[in-house]
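Since the structure comes first, as structure tokens, the remarks are kept for the end.
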């Protein structure tokens, strides 16, 4: 039986596993080395400059009345201001609460209710969404507004003030006088990252400083990052993929983080080449989209050494590596709650479809029968359950959701809801999800929240949302909604999806919608989603991508 045995922490003492310690260490050791690069802004910051702005931003938050442990919402598109705010929050011992920039209405309201934040940093273009849920956001005492370039920053500040909040330009944060900041411990709460709901609303994963560090350390180990590395991220900074799995890892290593606003398949290799990128990551269909670009004679003219692809598109990985001259592809399997207990060794061939090997020194894992919690035999499919070997390397639970915490951590193991198989050599293979959460093009989707939004239509009586296979490899899911309406002519599928615009984030709006007389139920009246998944996209299913939105 093989195991992953390569993880050796960059900072050996777990008592130093805080963002503030990491940044202060590198500011002392390599003050003039660049740590943050935002090409669209044509700006870079050294480690000494990063420490300075982080201390100023933290000081500004305390000057506004914050207490250690207070939650600070961050709802903004990718920019240096997002990163600088996040670093200031973390260094100061406050709690970062990143919120998806697509969220509005019920989705935004729920996450605000969970976090109970006192402060918010938002892009100016988000202000109207907050006004729309103002009655649920009265706990916010002050906003700092980022100028997104839309020319409405001052208008957004005025709008927030008109609705009773204190508001200021973002620059006020970085202009603050530095003050003495509290000591931050590894076990202190560092962030709340939201994960998809399955049988209820999305949950806020409470991540201590130590876990955030260790998640970053896992990527340092996977990618063998050093101070010489340049790591590119193009995924949204409100996702852990960009923060504690891209930017933070290269900072732990003492290297440079390159942050771009979004992924561009056609310009991906140009972005890699122009910034001297040595490491990057792909999520979902990004790898497939990059691969489908027309080959160029200079594709290998780059410094890219390693790609962390989750999942790795196994049918094209060897051709991709050869085309771009990449040394290694790495992968891992984990969750926001657990870090990654399954990791692939660097440049070691792995069986097709394998996610990796158990990181045994740091995690206990088992595959169990999801009904009995009893371990299944090697080769059989079971639910992955996880627990840490060392303290503070996994989440302590769901913020403000004690019942969900107890449910997920039953029998002293965290239950992932994911079905995996292990072969006799120790390789783990992801099979499917036991849960009803969906993942579409890198975005986690709560089926429950989409259902609740659809039920807001006056003619929708019942709704069930499931995932069906996407067209692209590693595309994960497309969203299928099956609904019961008040009558055969009450509302058309096309009109219902048009109504959902603005009520459901764009990435979560179903591609497919089928109107039925009744949903399949169990004897206890629970919807049999497995039956809906088995039916898939039927001939009478509306497809929003088809001309005139016709059925298939």
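Each reported figure results from applying straightforward, stated rules to the coordinates on display, with no laboratory input. Computed from a predicted model, the values in this text were never measured in an experiment. Methodologically, a virtual Cβ is constructed for each residue, glycine included, from the backbone with ideal geometry; neighbour enumeration extends over all protein chains shown.
Give the relative contact order (percent, whole number) for the range 445-549; include only Cα pairs under 8 Å separated by 6+ residues.
Working: 157 pairs, mean separation 27.3, N = 105.
Relative contact order for the range 445-549 comes out at 26 percent.
Counting pairs of alpha carbon atoms under 8 Å apart in space and at least six apart in sequence, what relative contact order in percent does the range 269-407 give? Let's see the in-between values first.
Details: 210 pairs, mean separation 21.6, N = 139.
Once normalised by length, the contact order is 16 percent.
Could you put 430, 107 in order, starting from the residue whose Cβ has the fewest other Cβ atoms within 10 Å? Display every interim value, and only then the final one.
Working: 430 17, 107 26.
Result, fewest neighbours first: 430, 107.
Taking a ≥ b ≥ c as the square roots of the eigenvalues of the Cα gyration tensor of the chain, is the shape rounded (a/c under 1.5), prolate (a/b larger than b/c) or oblate?
Taking the square roots of the gyration eigenvalues as a ≥ b ≥ c, the chain is rounded.
If you rank 202, 447 by fewest surrounding Cβ atoms within 10 Å, what's the result?
Working: 202 23, 447 26.
Ranking 202, 447 by Cβ neighbours within 10 Å, fewest first, gives 202, 447.
Within a 10 angstrom radius of the beta carbon, how do 342, 509 rank from fewest other beta carbons to most? Don't jump to the answer; show the numbers that get you there.
On the way: 342 27, 509 22.
So the ranking, lowest neighbour count to highest, is 509, 342.
Find how much the distance from residue 318 to residue 141 grows on full extension, using 0.36 nm per residue of separation minus their present alpha carbon separation; answer in nm with one decimal. Please list the in-between numbers first.
Values: separation 177, 0.36 × 177 = 63.72 nm, distance 5.27 nm.
Taking residue 318 through residue 141 to full extension adds about 58.5 nm, to one decimal.
Would you mind calculating the relative contact order of the chain from Cα pairs under 8 angstrom and at least 6 residues apart, reporting the percent as a whole number?
Details: 1222 pairs, mean separation 67.9, N = 552.
Computed value for the chain: 12 percent relative contact order.
Please label the shape of the range 445-549 as rounded, prolate or oblate, based on the square roots a ≥ b ≥ c of the eigenvalues of the alpha-carbon gyration tensor (a/c under 1.5 means rounded; beyond that, a/b larger than b/c means prolate, else oblate).
Rounded.
Calculate log10 I(q)/I(0) of the range 57-168 for q = 0.17, 0.20, 0.23 Å⁻¹, where I(q) comes from the Debye formula with a single equal point scatterer on each Cα and nothing for solvent.
The computed values of log10 I(q)/I(0) come out as -0.74, -1.07, -1.44.
With each run of n ≥ 4 DSSP H residues scored as -39500 (n - 2.57), what mean residue ellipticity at 222 nm is computed for the chain after dividing by its residue count and rounding to the nearest 500 deg cm²/dmol?
Numbers: 16 runs with 143 residues, N = 552.
Calculated mean residue ellipticity at 222 nm is -7500 deg cm²/dmol.
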